[in-house]
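Let me begin by presenting the structure, written as structure tokens, before commenting on it.
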Amino acid sequence: MEIYLVFVDAIQNSNKFWAAIVEDGNLTVQWGRVGYQAQTKVHTLGNHQRAVSKFNNLVAEKMMKGYRRSQSQIDSNCEVSEINRAIELLEIIRPYVEQRNFSVAYINALNQYLLIVPIPLGMQIDPYRVYRSVEDVDYQMGLLNSLLTTPAPQVAAVAVGHAPEATETKAVSLKTISKNFWRHL
């Protein structure tokens, strides 16, 4: 039994995940910012039934706070309806990016898209610069469309700002950077 939840609010700079898995009598929970190293806590509960009960309670608590079901990556194993919904949202987002009209409707579509396709956007989300151009939107749309035609499992890196030749996304945790690095800014 496992789950992956995300909470996204681009205006409030929230792009968080929460994941949990029950194995035997243990419940392992991970949480953090999408694309960054997770914090982990293992609850040793003694038996499977107690671990499942704790799992259900924590999931209900997170859902009440606004977290929604998602997946850690989008690939050809995802439901076709989820991939199609992500493509529909990109089609909504595209004209806003093209016209540089970042209205409430754009923000709402962006938040919904990020619930389906979690993307590491860094520590400061600037919803007005997530997509620099329609080419960024079109590139992600192409990746998602390729998942619909991929017969075997194949992971697609759906990442903002990456050129088509980039095959792997890499996130650097701020924890690995010295505190002194930020003092000059």
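Assorted remarks:
- Subset of region 29-62 (residues that are part of a helix (DSSP H, G or I), over 17 Å from Val6 (Cβ atoms) and among the hydrophobic types (A, V, I, L, M, F, W, C)): Ala51, Val52, Phe55
- In the condition set (1) surrounded by 14 or more Cβ atoms within 10 Å (Cβ to Cβ); (2) β-branched (Val, Ile, Thr); (3) within 29 Å of Asn111 (Cβ to Cβ), Ile11 is compliant with all but (1).
- When each of Pro95, Pro118 is tested for being out of contact with any Leu (no Cβ under 6 Å at 6 or more places or on another chain) and over 26 Å from Glu2 (Cα atoms), the lone residue that passes is Pro95.
- Hey, Lys16 touching a strand residue (DSSP E or B) at 6+ places or on another chain (Cβ under 8 Å), closer than 22 Å to Leu121 by Cα, of a type in the set (Lys, Arg) and part of a strand (DSSP E or B) or not: yes
- Val137 modelled with pLDDT of 90 or more, under 21 Å from Ala10 (Cα atoms) and open to solvent by 20 Å² or more (accessible area, probe 1.4 Å): no
- Some residue of region 78-93 being in a loop (DSSP other than H, G, I, E, B), closer than 29 Å to Ser133 by Cα and open to solvent by 80 Å² or more (accessible area, probe 1.4 Å): yes
- Inter-residue pairs, beta-carbon under 8 Å, first farther than 14 Å from Arg68 by Cβ and open to solvent by less than 30 Å² (accessible area, probe 1.4 Å) and in region 103-130, second among the hydroxyl-bearing types (Ser, Thr, Tyr) and in a helix (DSSP H, G or I), 6+ apart: Tyr106/Tyr96; Ala109/Tyr96; Pro127/Tyr106
Conditions tested, residue by residue: (1) within 17 Å of Gln71 (Cα to Cα); (2) basic (Lys, Arg).
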| residue | (1), (2) |
| --- | --- |
| Gln30 | yes, no |
| Ala38 | yes, no |
| Lys41 | no, yes |
| Thr44 | no, no |
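- Test: residue in region 54-71 that is at pLDDT below 90, in contact with a strand residue (DSSP E or B) (Cβ under 7 Å, 6 or more places away or on another chain), surrounded by 15 or more Cβ atoms within 10 Å (Cβ to Cβ) and within 25 Å of Arg33 (Cα to Cα): yes
- Taken over region 14-53, the criterion of being of a type outside the set (A, V, I, L, M, F, W, C), open to solvent by 80 Å² or more (accessible area, probe 1.4 Å) and touching a Lys or Arg at 6+ places or on another chain (Cβ under 8 Å) is satisfied by Gln37 alone.
The values are calculated or read from the model by the stated rules, or taken from the named source; none is laboratory data. Owing to the predicted nature of the structure, the values given are computational and were not obtained by experimental measurement. Please note: Cβ atoms are built from the backbone with ideal geometry, for glycine as well, and neighbour counts cover all protein chains shown. When the accessible area is computed, the model is the full protein with side chains, heavy atoms only, and any ligands, DNA or RNA have been set aside. Shrake-Rupley method; radii C 1.70, N 1.55, O 1.52, S 1.80 Å.
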